[in-house]
């Protein structure tokens, strides 16, 4: 039996600390801010139809064009987005910028209407390398003949350099043949070899591109005009020989052909073929103590001018046919033969 006295039960008030009888402060409700009625509304987006930019019966645009035009508008700081709808792809712009976007796209389409440009048809090269090499070999053979003790048309021995060089005062006095005969003469074998090695590449390419008859006609005409212009500006006692005038005429002709043939691709870079040709003239035509810079320069200039005319004519009419090509080749050979006949007959 437990004899210890039982402890009296504690009331709830005794178990818990006394609570304050003061009323608690009321909780203030949180107010939600009212929407700002002055805030601008979300911009409405409009689709740009195709016929708003270029003349077309369709209103939808392709995915590629939509993304391209989006880049154009982005470069002009006009917001845009590309979406696909039920009728195809759409380019969307904000309503306030719709007019500006259409204007920019119309300008872009107009500036690039013919771009990329039409690629000119590639003309097959004419296989006439062997005839061209034969003419160059004939030029070397003639140089060998000028060193022989020959009697021709009552002249013994024939001083080829004396009667055929491009002497300034004698050309201006009426001895026209010197304009052509000087192109076939060379001072020595080194002079001949340098012209054949450098000029042979350009001449062969030109003959394969235009045809032998037209190419040789242009080379002969440019060389003769170059010698005539050189006689006009040099001292009366100036004289020169060599085919280098025609060689640099070939460089000018090729530069003109490239500029005309690829003018759509070059656009603002059209001087590139001219600059390349002038670089060749500076590298190859100004070295040497006895280099006739004037003849090289005038040959290049006349070659460039005649090359422009020839390329435009070929572009419209095509390359000469076999008959016309043969006539041009025979005419060029006839001019050279007539020049030498005149030199042997009338030279002092």
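Details
- Residues in segment 171-193 that are more than 13 Å from residue 142 (Cα to Cα) and in contact (Cβ under 8 Å) with a residue 24 or more places away in the chain: 171, 172, 175, 176, 177, 178, 179, 180, 191.
- Test: residue in segment 307-329 that is surrounded by 17 or more Cβ atoms within 10 Å (Cβ to Cβ) and closer than 25 Å to residue 165 by Cβ: no
- Residue that is farthest from residue 257 (Cα to Cα) [pool: residues in segment 101-129 that are at pLDDT 80 or above and in a loop (DSSP other than H, G, I, E, B)]: 112
- In the set (1) under 35 Å from the mean Cα position of the chain (by Cα); (2) in a helix (DSSP H, G or I), the condition left unmet by residue 171 is number (1).
- Residue check for residue 263: modelled with pLDDT under 85 and on the phi > 0 side of the Ramachandran plot: no
- Conditions (1) modelled with pLDDT under 90; (2) touching a helix residue (DSSP H, G or I) at 6+ places or on another chain (Cβ under 8 Å); (3) under 20 Å from residue 165 (Cβ atoms): number failed by residue 288: (2)
- Qualifying residue in segment 179-197 (condition: assigned to a loop (DSSP other than H, G, I, E, B), at pLDDT 90 or above and surrounded by 11 or more Cβ atoms within 10 Å (Cβ to Cβ)): yes
- Residue within segment 225-237 that is closer than 19 Å to residue 138 by Cα, assigned by TED's automatic domain parsing to the domain that holds residue 334 and crowded, with 19+ Cβ neighbours inside 10 Å present: no
- So residue 137, is it at pLDDT 90 or above and more than 31 Å from the chain's Cα centre (by Cα): yes
- Residue 217 vs. criteria in the same structural domain as residue 328 (by TED's automatic domain parsing) and touching a residue at least 60 places away in the same chain (Cβ under 8 Å): yes
The values are calculated or read from the model by the stated rules, or taken from the named source; none is laboratory data. Since the structure is predicted, the reported quantities are computational estimates derived from the model, not experimental observations. Cβ sites come from the backbone with ideal geometry, for glycine too, and all protein chains shown count toward neighbours.
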